[in-house]
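Encoded as structure tokens, the structure appears first; notes follow it.
The values are calculated or read from the model by the stated rules, or taken from the named source; none is laboratory data. This structure is a prediction, so every number in the text was calculated from the model and none was measured. As a convention, Cβ positions derive from the backbone with ideal geometry for all residues, glycine included, and neighbour counts pool all protein chains shown. Areas reflect the complete protein model, heavy atoms only, side chains present, ligands, DNA and RNA absent. Shrake-Rupley method; radii C 1.70, N 1.55, O 1.52, S 1.80 Å.
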Amino acid sequence: MTFNEKTLIVICGPTASGKTDVSIELAQRFDTHILSCDSRQFYKEIPIVTAAPDQEQLSLVPHHFIGNKSIQDFYSAGDFEIDALNLLDRLFAEKDCVVMTGGSGLYIDAVCNGFDAVPDADLKVRERLNKIYDEHGLGKLLEDLQQRDPEYYGVVDRNNPQRVIRALEVCISTGHPYSGLRKGNKKERPFRITKFCLDIPRELLYERINKRTEIMIENGMVEEARSVFKYKYLNSLQTVGFNELFDFFEKKNDYATAVELIRRNTRRYAKRQMTWFRRDKDIIWVRTLEEIIEYLKKSGAYPLLIC
């Protein structure tokens, strides 16, 4: 299977939509590699809570950016942009196409579009926001962000204090919404990009989320959370699954409540992911692998594709 120019195929979608299986099948058909752009699957200590591909899946095709960092490493979307582009340069020397998959819209945008130059914030503002977070929690900061920048509030990962604080820093320091400053000219890439998003019916998606939560618990989710509990302050652990279990460990809620909150908050996270992806006019919405293959066959951009 060949393409008439180097092509990055992006498979995105909400959590539990089946991105991993679709991406593996696609990569097998094209005899190529997969780049993960899931912002939590980078961390080797937490494969269960992050639903990282298991060893059997990893053995089917070459994967990159899975378990390549420690939770104690700081790793931003900007870092990922640099690393992913460098890797793509090497892969495209041998492959006509590469598959990139994940549900972290910010990291997808980093590779596909690059980042705008957002002004640095006043360090005094950052200190004040961190103090508010320490004393009052993330909810207080989210209320402020909703007032100052409702557009970014609608898509931000509300379990990630670093991103919320960064947005507020810019809003307060510049007097302008963070979302407005992030809009700019797309950076040119030396390869074609085609983005597909898995559009799963809501009821089915919620069933998958509930089922996956059960499987994660059976596979040792609670034990994994306990193993990193002492690092609960790290940004890498500010995500659905850990937040609820950490509260359970601290006796802020009981076990049944923690599990139900994980299901609920995962559904809410999936909804925010879809909000992010719907703003991207370049995305092609599909439900199956066959629809992706059919699009590639019919697209004039791929006259040399043979299936």
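What about ILE11, is it within 30 Å of VAL259 (Cα to Cα), part of a loop (DSSP other than H, G, I, E, B) and at pLDDT 95 or above? Against the criterion (within 30 Å of VAL259 (Cα to Cα), part of a loop (DSSP other than H, G, I, E, B) and at pLDDT 95 or above), ILE11 does not qualify.
Of the set (1) open to solvent by 50 Å² or more (accessible area, probe 1.4 Å); (2) modelled with pLDDT under 95; (3) closer than 21 Å to ILE11 by Cα; (4) in a loop (DSSP other than H, G, I, E, B), all apply to ASP73 but (3). Restricted to helices (runs of 4 or more DSSP H) entirely inside region 219-300, those with at least 3 residues that are more than 22 Å from TYR133 (Cα to Cα) and within 22 Å of the chain's Cα centre (by Cα) are 221-227, 255-278.
Quick check on region 37-51. Is at least one of its residues at pLDDT below 95, open to solvent by 10 Å² or more (accessible area, probe 1.4 Å) and more than 27 Å from ASN219 (Cα to Cα)? Among the residues of region 37-51, not one is at pLDDT below 95, open to solvent by 10 Å² or more (accessible area, probe 1.4 Å) and more than 27 Å from ASN219 (Cα to Cα), which makes the answer no. The residues in region 130-157 that are in contact (Cβ under 8 Å) with a residue 12 or more places away in the chain, part of a loop (DSSP other than H, G, I, E, B) and surrounded by fewer than 20 Cβ atoms within 10 Å (Cβ to Cβ) can be counted, and the count is 2. Among residues of region 4-23 being open to solvent by 10 Å² or more (accessible area, probe 1.4 Å) and of a type outside the set (D, E, K, R), the one that is nearest to the chain's Cα centre (by Cα) is THR15.
Scan region 211-224 and give yes if some residue there is β-branched (Val, Ile, Thr), touching a residue at least 60 places away in the same chain (Cβ under 8 Å) and either out of contact with any Asp or Glu (no Cβ under 8 Å at 6 or more places or on another chain) or on the phi < 0 side of the Ramachandran plot (or both), otherwise no. Within region 211-224, none of the residues are β-branched (Val, Ile, Thr), touching a residue at least 60 places away in the same chain (Cβ under 8 Å) and either out of contact with any Asp or Glu (no Cβ under 8 Å at 6 or more places or on another chain) or on the phi < 0 side of the Ramachandran plot (or both).
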